[in-house]
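One structure is given below, encoded as structure tokens.
Just so it is clear, none of the values below were taken in a lab; they were calculated from the coordinates. Predicted, not measured: the structure shown is a model, and the values here were computed from it.
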Amino acid sequence: MAVLYINEKQKEGHINAEIYGHFSEHLGRCIYEGLYVGENSDIPNVNGMRKDVVDALKEMQIPVLRWPGGCFADEYHWKDGIGPKESRKKMVNTHWGGVVEDNSFGTHEFFELCEQLGCKTYVNGNVGSGTVQEMSEWVEYMTFDGVSPMADMRKANGHEKPWKVDFFGVGNENWGCGGNMTPEYYGNLYRRYQTYVRQYSNDAPIRKVCCGPNSSDYFWTEGVLKTCFANPQPENAHGYMDALSLHYYTVPNEWDHKGSATEFDDKEWYRTLAKALYMEELINRHGAIMDQYDPDKKIGLYVDEWGCWFDVEPGTNPGFLYQQNSMRDALVAGATLNIFNKHCDRVKMACIAQLVNVLQSVILTEGPKMILTPTYHVFHMYKHHQNADLLHSYLEGNKTVGVDEENQVPLLNESVSIDADGVIHVTVNNLSVSESAPVEIAFMELKPSEVKASILTGTMHAHNTFDEPEQVKETAYTDFEIAGDRIKFTAPKCSVISFTIR
Ligand code: AHR
């Protein structure tokens, strides 16, 4: 038996809502079909945005959305995506399937979508193939409230008032698809480009995101930070940045044969989870480099691309990255979000890739049909952690499980928070494919008077399809007992459980 000790008096940091963020790129059927169908579509929509998808995302409490990429961001020229749709330029999406991008979803549409979702906006600029002027004008177009060439153009295009850009990424993966740069070269470009990301409104400052590393590229983190912290001016004492990004994908095998989303054995299950849990080491080690430059942790680590990356579904366009989503994805999501919560002193945002129909999506669509994936349910079950305070928690008697020595994972994984109303939220995962796990939750002093819970569980391959959309879904969980200051339960194999405790 494991005991989950919770010290309800020991708050360990604030869990930014943005840790539960999402990413949408002009890739495959994420934007087009997944989110945007156009006003003339038979699929119910509001100003072109799919109503079913928007409603589901609001229910999940999506806090922030990153757009337009990804690799696409560094070949995106924003002026192609404004003005009358019929005269917008068409381009080839060279990164993703070589399809025609007609730019019918652009800046105005992105802000319309975020307004409907009620979420914050994270716009990613183009450093790889764009100019400083282009980036600076985009910021002026979006955020300047006055008379200026770009603000006037926005007004002429039908939007009188500026929008709020909460976060702005200065390039994406500039070590790779965003220009194949060296850390020093990018660091200098970052200093230069970010200078012209002007703060036009004191009430709504834009938080600037510097392109950080891929996975364990500590050389990049060190090189970029060293460059950005060289001779900083007093007002830029934080290396000119509010955040540094980190990208890490969970690939069960190798990049040239990643593995199927729904067909895998126990060994691959544990290997996938072990690789997902590697996120903790990445946060610790990149965080340790950041600590050298920013000991007060003023710069956030934004894990703005993460999730499972499998082979595409058979018969689909390899450039569209469309994959199914099973209980394995649910456990990857649950365990990773628990890690982010526990590192909320440094991890201030995370965006799972990608929102709809691409990689580890929370929603899949097929024509007018929509399904919620197991990953959706995890985000829904974890939403109470958003803007809560992390509580100290510790699992005693936890053991490891796995089929080989290299890929052992902890049987249980958890995080705990307390919200503004004093309600405690516990999310606990059983990572085993075969073993249920008896657990007791023990508090310092609290005697729980009211406990509610929900569970997501199924066989390891369980997933939802358009014919059977509710194979995996969140259900009420009542199989626990309150005994004094303890809550006793047995977490079924392969499960995610969320408790609300008063
Ligand atoms: O999410 C798919 C791609 O993965 C993104 O475009 C890129 O940033 C990353 O390599």
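The smallest convex shape that holds all Cα atoms of region 1-152, its convex hull, gives 194 Å³ per residue.
From the alpha carbon centroid of region 15-30 to that of region 397-445 is 26 Å. Using all pairs of distinct alpha-carbon atoms, the Kirkwood hydrodynamic radius of region 350-429 works out to 15.3 angstrom.
Using only the alpha-carbon atoms, how far is helix 279-293 inclined from the longest principal axis of the chain? Give it as 0 to 90 degrees, nearest 10. The two axes meet at around 60 degrees. Along its first, second and third principal axes, ordered by size, the chain spans 68, 55, 44 Å in Cα coordinates. Whole-Hz Karplus values for region 370-379 come out as 9, 10, 9, 8, x, 4, 4, 4, 5, 4 Hz, taken residue by residue from phi with 6.51 cos²θ - 1.76 cosθ + 1.60 and θ = phi - 60°; glycine and proline positions read x. Principal axis analysis of the Cα atoms in region 1-83 yields extents of 56, 32, 25 Å, listed in decreasing size.
What number in nm² do you get for region 343-502 if you take the convex hull of its Cα atoms and divide its surface by four?
Details: hull surface 44.9 nm².
The number I arrive at for region 343-502 is 11.2 nm².
Helix 132-143 and the longest principal axis of the C-alpha atoms of the chain enclose an angle of approximately 70°. Spatially, region 55-122 and region 296-316 are offset by 18 Å when compared through their Cα centroids. The amide H of residue 304, built 1.01 Å from its N in the peptide plane, has 246, 351 as neighbours under 5 Å, considering only residues 5 or more places off or on other chains. Before anything else, pin down the relative contact order of the chain: Cα pairs under 8 Å, at least 6 apart, normalised by residue count, whole percent. Normalised by residue count, the contact order of the chain is 19 percent. A straight line joining the Cα centroids of region 234-279 and region 145-211 runs 26 Å.
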